[in-house]
Amino acid sequence: MSTQTCRRVLLLALLLGLGFVLRLSQPTLVEFKRDEATIARLGQAIAYEGCLPAVGVDSSLGIDNLPLTLYLVALPLRLWSDPLAAVLFTILLNSLALPVGYVVARAALGERTALVSTALFAVSPWAVLYARKIWARTLPLFVLLFITALLSTFVWRKRWALVSAFVGLAALLGLQLEALAFVPLLAVAILLYRDAVSWRALLVGLSVFALLLAPYVVHDGLNGWENTRGLVAYATGGGGTFSWDAFRYSFALLGSGGIEGQAGPYHVQFRHQVPDLWWTNDALSVMLAGSLLYGAYQAVRGRTEQRRRTFVLLLLWYAFPVLLQLKPSAPTQPHYFVMHYPVQFMLIGSLLAAAAEWVSRQHRARWIRWTALGLGGVLVIGCGWQVMVTARLRAMMVEHPSTGGYGIPLRYTRRAAEAARRDVGGGEVIVLAETTRPFFTETPTVFDALLFGVPHRFADPCAAIPFPQQETVVYLSGPLYGAEQGGLEACLARLEMMEAVSPGPAVQLADGVSYRTYGWDGAGRDAVLAGLAPLGPGVPFANNVVFAAYEAAASANVCTSFPVTLAWWVREPALAGSDTHFTVQVLSADGNLIAQDDHAGFPSSSWKAGDLVLAVFEIPLDGAIEPGVYQVRAGMYDYPDVQSVPVVDVTGRPVDDAVLLTQVMIMRDSVRD
């Protein structure tokens, strides 16, 4: 092996090593929001629960994705159910795009182009950031395999590679709907280079493509073709308006342009914490613009037919994702252009390689050589600076993990879930969050994935706190933003004051946000009712709920809220599909409704026999209420038909539609007891 070859091999190893380290290091610092947690949880359902979905998660286009992402993440999750397995697997797939990209670029455009392309791809902060996300989106590795099939078919004339192109296209659509841009790419390539097409291979490819997409299409047909109509509107720009965002994002994703937005309110500070070389992003944009012109020239005037076809395919790869988004029916998002990786770097590499070749022929023009060396130095410095940007962004995620520019990193929610797992024993975990619906809101979705395999339920402590009939219960709450901001923290006060509740491990984020755990001894269930007024032996309702006790003030002022705490317990779980809401009402002496507060409390879909629940109501009293004595009563109704659940006697016969709790004196500020 020659010295020059050894140097190139060493350089390639260094570039690949750098790219892998940037992507694979500190994997728990990835953001883990609702989108990521939804994919992880559905992957767990495939791996362990026998779920075989025909559609994937919903997209920002309002259309269901295909489910390939879910089946992919199910593979590592079957080996290790921790969502970190899905994160590591995704990062590994995206890291493998580096050596595959090098091989493709070298075969298509030469060694120099491949090295430059690999260097730019390896250090691009946006490429690194997106490589660490488990989203429903196109993976560069799959894009490269698709493009390799195109090059094999139309440039290297391996006719049956066309079948692989159709398989790759189906896979890309299965990962991200924006991959529709590759449909016209394949169609145009077939039309332009018909001489390289085997019609038998085309027929087989189309058949395999249709077969792979059949489950999604059949499911859509059974559901009114909603997704198909949405896809047609998206592909044709129906209802959209012209936007330059596609061009802007395609250039921004070259390096680190706009990445300071990930630091949220600290974006100015972030920019000042790295050397002021942000102009290198503009330099990359200029290079890309020049390389597009150079590519167009090569597509027309290239030395060989193979070279011309190669550049046509690369330019089509770059163009169609942009063209599809020029008149979007929904706002264009930066991550749509992950499908560009790494064509923009290959084009820039081809331009710089051509420039280097030209310089090597200028034997007498010394100034040209020095200029080329200077530009090479700028490229090296720029790559090093991009690495610094990624490192600084990673440090920002540690220093300010809840800025809002990116989601709270997996590191912290995973630690909180692990703390709950350690302490729960044979009991269950109750996640106390501002919402209770996994797949719809963030905190329940995140912990539904992180607590997979551990019995757990969700409750909103500002509405209701359940006390299950278990020997051990761990309450996990967060994110908590500090007592001065109210929210969940204020709603946890009652739980924290109970003698049977003991504080457990807490996870403290650097910027003050925290996750807390509490242990509750099930033997202390009677203490839950301490200080509440009992409702005799309990008031049973037809749905096997029993109202046990309440707490309410004897008086209240208008223009305030009147708090009522209602204790109830469950004799049997609710019927499947039921949605029970609770109501506490203030009535006048003649039975007219004056004020009320309704909510689902602890959702009936989560009820288990023996659950004891403390539900909190805040009844608003407006200024139009006349001072006087009013009745306070409580009841339930089925939602959404608002059909009252009757109170029943010991024989199960309906006797009323609500239970009278107490009376309250409503006053104005000027009135005193």
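The values are calculated or read from the model by the stated rules, or taken from the named source; none is laboratory data. All values derive from a computational prediction rather than experimental measurement. Cβ atoms come from the backbone with ideal geometry, glycine included; neighbour counts cover every protein chain shown. Quick note on the areas: whole protein, heavy atoms, side chains included, nothing else; ligands and nucleic acids left out. Shrake-Rupley method; radii C 1.70, N 1.55, O 1.52, S 1.80 Å.
Tabulated results
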{"item": "Mean shadow area of the stretch 3-95, taken as a quarter of the surface of its Cα convex hull (nm²)", "result": "7.9 nm²"}
{"item": "5 angstrom amide H check on D657, placed H, neighbours 5+ away", "result": "V647"}
{"item": "For T662, distant residues with modelled amide H under 5 Å away", "result": "V632"}
{"item": "Within the stretch 301-434: Cβ-based charge dipole about Cα centre, in debye rounded to nearest 20 (Lys, Arg +1; Asp, Glu -1)", "result": "980 debye"}
{"item": "Distribution of pairwise C-alpha distances over the stretch 274-320, 5 Å bins, in %", "result": "5, 21, 21, 17, 12, 9, 7, 4, 2, 0"}
{"item": "Values of log10 I(q)/I(0), in the order q = 0.12, 0.14, 0.20 Å⁻¹, for the stretch 341-479 under a Debye, Cα-only, solvent-free model", "result": "-0.66, -0.77, -1.15"}
{"item": "Packing-based order for 472-478, 14-20, using average beta carbon neighbours within 10 Å, highest first", "result": "472-478, 14-20"}
{"item": "The stretch 386-463 versus the stretch 209-274: alpha-carbon centroid distance in Å", "result": "26 Å"}
{"item": "Tail beyond 24 Å, pair distance distribution of the stretch 41-131 (Cα, percent)", "result": "40 percent"}
{"item": "Among L292, V55, H272 - extreme Cα towards positive end, dipole of the chain, charges at beta-carbon", "result": "L292"}
{"item": "Residue-normalised accessible area of the stretch 608-673, expressed per residue, 1.4 Å probe, Å²", "result": "55 Å²"}
{"item": "Highest average packing first - 390-396, 408-414, Cβ atoms within 10 Å", "result": "408-414, 390-396"}
{"item": "Helix 199-222 vs. the chain, principal-axis angle (Cα, 0 to 90°, nearest 10)", "result": "10 degrees"}
{"item": "Rounded accessible area per residue of the stretch 375-463, 1.4 Å, Å²", "result": "36 Å²"}
{"item": "Two-site FRET efficiency, R7 against R157, from Cβ-Cβ distance with R₀ of 51 Å, rounded to 0.05", "result": "0.90"}
{"item": "Accessible-area order (highest first, 1.4 angstrom probe) of the listed residues Y637, Y48, Y481", "result": "Y481, Y48, Y637"}
{"item": "Computed FRET value (nearest 0.05) for E399 with D276, which takes r as the C-beta separation and R₀ as 25 Å", "result": "0.75"}
{"item": "Options N592, S555, P503, ranked by Cα towards positive dipole end of the stretch 477-628, top entry (Cβ charges)", "result": "P503"}
{"item": "Size of charge dipole - the chain - debye, nearest 20, with Cβ of Lys, Arg +1 and Asp, Glu -1, no other charges", "result": "5380 debye"}
{"item": "Calculated SAXS-style log₁₀ I(q)/I(0) at q = 0.17, 0.21, 0.30 Å⁻¹ - the stretch 49-95, Debye, Cα scatterers", "result": "-0.56, -0.79, -1.05"}
{"item": "Alpha-carbon centroid distance for the pair the stretch 601-673 / the stretch 156-207, whole angstrom", "result": "64 Å"}
{"item": "Hydrodynamic radius by Kirkwood, which averages 1/r over all alpha carbon pairs of the stretch 208-363, in angstrom", "result": "18.7 Å"}
{"item": "In Å², nearest 10: area of S561 left accessible to a 1.4 Å probe", "result": "60 Å²"}
{"item": "As computed over the stretch 541-673, the Cα convex hull volume per residue (Å³)", "result": "109 Å³"}
{"item": "Given charges at beta-carbon only (K, R positive; D, E negative), |dipole| of the stretch 430-524 in Debye", "result": "180 debye"}
{"item": "Whole-number D in µm² s⁻¹ for the chain, Kirkwood Cα-pair radius fed into Stokes-Einstein, 20 °C, 1.002 mPa s", "result": "74 µm²/s"}
{"item": "Heavy-atom accessible area order for M339, M497, largest first, 1.4 Å probe", "result": "M497, M339"}
{"item": "Neighbourhood charge, 15 Å Cβ-Cβ cut-off, centred on C559 and excluding it, Lys, Arg +1 and Asp, Glu -1", "result": "-3"}
{"item": "Solvent-accessible area of Y102 with every protein chain in place, 1.4 Å probe, in Å² to the nearest 10", "result": "20 Å²"}
{"item": "Cα-based Kirkwood hydrodynamic radius, the stretch 580-633, one decimal, Å", "result": "12.9 Å"}
{"item": "Heavy-atom accessible area order for E428, E489, largest first, 1.4 Å probe", "result": "E489, E428"}
{"item": "Relative contact order computed over the chain (Cα-Cα under 8 Å; 6+ residues apart), in percent", "result": "12 percent"}
{"item": "Shape metrics for the stretch 17-174, restricted to C-alpha atoms - Rg then Dmax, Å", "result": "16.7, 49"}
{"item": "Cα-based radius of gyration of the stretch 624-673 once divided by 2.2 N^0.38 Å, which approximates compact folds", "result": "1.64"}
{"item": "Fraction of accessible area attributable to carbon and sulfur, the chain (%, probe 1.4 Å)", "result": "61 percent"}
{"item": "Taking all pairs of distinct alpha-carbon atoms in the stretch 596-664, Kirkwood radius in angstrom", "result": "14.6 Å"}
{"item": "Contour excess over end-to-end distance, with Cα ends at D511 and A330 and 0.36 nm allotted per residue", "result": "61.7 nm"}
{"item": "Selection from V398, A122, V570 lying farthest towards where the dipole of the chain points positive, charges on Cβ", "result": "A122"}
